[in-house]
Amino acid sequence: MKIKLLVVLILITFFSFAQNSNYEKWTAMADNDISLQPEYGNVEKTESQKADDENFKKDILEYYKSDTISASKKMSDLGFTYLYDKGDFITAMRRFNQAFMLNPKNADAYYGFGTIFFNLGAMKKAREQYDKGLELNPKHPKILTDYGTTYLGDYYESLENGKENSNEFLVKANEYLEKSLDFDKKDSNTIYKLSIVKMYIGDCNEAKELLDKAKKMNNPNVTESYEIELNEKCN
């Protein structure tokens, strides 16, 4: 069980080094660099930092013709490019902060903050940022999906540590993943993760139906090991 759960958890996270030790290292760096803290740590910036911000905003808003929404979206998009394509958490966080600076109502900035914490294994910290994003856009399917996934991570950890509240995490994971699917029924990532949750809950029929959907959508994360586990549990 533990090995299979570990395989599933690796599949649903974006980087294999999402461990608490990495979060501790990140925190140590961020303590000395506010650009690595969400919303710049909400601290007063130095005059030099303020000047750098003004120069940045002047240049980018000149390019985007004073459209702060489009400029902010560009920065958050760049953040995810650095995060997913390059695994560069530092540059990604700085782009998400610039997105926030340009438009504090950009939910994707908070999605980015949360996703960095998620991949560092800091699930509670991730949810804090996702909550802020959902306040701005309650129908943000990607935030909802990853919110649910944090509880799937907590479920695995609780089993590893022998805690008795593991099923509570499954209920939460199911809640957020189903809500996400309500808003985007074509996201194969959500469908596959919900299949996993349904399997652990014991809803075998729905788990199989969701897996079939994910496979038909050519979800790249579907593995033979998960199909074997599903068949073992549900036959």
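The values are calculated or read from the model by the stated rules, or taken from the named source; none is laboratory data. These numbers were taken from a predicted model, which means no experiment stands behind them. Methodologically, a virtual Cβ is constructed for each residue, glycine included, from the backbone with ideal geometry; neighbour enumeration extends over all protein chains shown. Side chains included, ligands, DNA and RNA excluded: accessible areas come from the protein's heavy atoms. Shrake-Rupley method; radii C 1.70, N 1.55, O 1.52, S 1.80 Å.
Tabulated data
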{"quantity": "Dipole of the stretch 32-112, positive direction: furthest Cα of ASN97, TYR84, ILE69, with charges on the beta-carbon", "calculated": "ILE69"}
{"quantity": "Distance (nanometres) between label positions extended 7 Å along Cα→Cβ at MET217 and ASN167", "calculated": "2.9"}
{"quantity": "Two-site FRET efficiency, ASP131 against CYS204, from Cβ-Cβ distance with R₀ of 35 Å, rounded to 0.05", "calculated": "0.60"}
{"quantity": "FRET E, pair LYS233, LYS124, Förster distance 22 Å, beta-carbon r, rounded to 0.05", "calculated": "0.15"}
{"quantity": "Rounded tilt (10° steps) of 166-183 against the dominant C-alpha axis of the chain", "calculated": "70"}
{"quantity": "Partners for LYS233 among lysines (Cα-Cα distance below 25 Å; same-chain residues under 8 apart left out)", "calculated": "LYS2, LYS4, LYS163, LYS172, LYS193, LYS198, LYS208, LYS213, LYS215, LYS216"}
{"quantity": "Long pairs among LYS50/LYS139; LYS74/LYS179; LYS73/LYS142; LYS50/LYS86; LYS45/LYS73, criterion Cα-Cα beyond 25 Å", "calculated": "LYS50/LYS139; LYS74/LYS179; LYS50/LYS86"}
{"quantity": "Heavy-atom surface of the chain, accessible at 1.4 Å and reported per residue (Å²)", "calculated": "52"}
{"quantity": "Only Lys, Arg (+1) and Asp, Glu (-1) charged, at Cβ; the stretch 144-206 dipole about Cα centre in debye", "calculated": "160"}
{"quantity": "Heavy-atom accessible surface of the chain: percent carbon and sulfur, 1.4 Å", "calculated": "49"}
{"quantity": "Assigned charges on the beta-carbon of Lys, Arg, Asp, Glu; the stretch 105-150 dipole about Cα centre (debye)", "calculated": "20"}
{"quantity": "Farthest positive-ward along the chain dipole, Cα basis, beta-carbon charges - from TYR155, ILE34, ILE228", "calculated": "ILE228"}
{"quantity": "Test item: Cα-centred dipole of the chain, Lys/Arg +1 and Asp/Glu -1 on Cβ, debye", "calculated": "420"}
{"quantity": "Solvent exposure ordering (accessible area, 1.4 Å, most first) of ASP67, ASP31", "calculated": "ASP31, ASP67"}
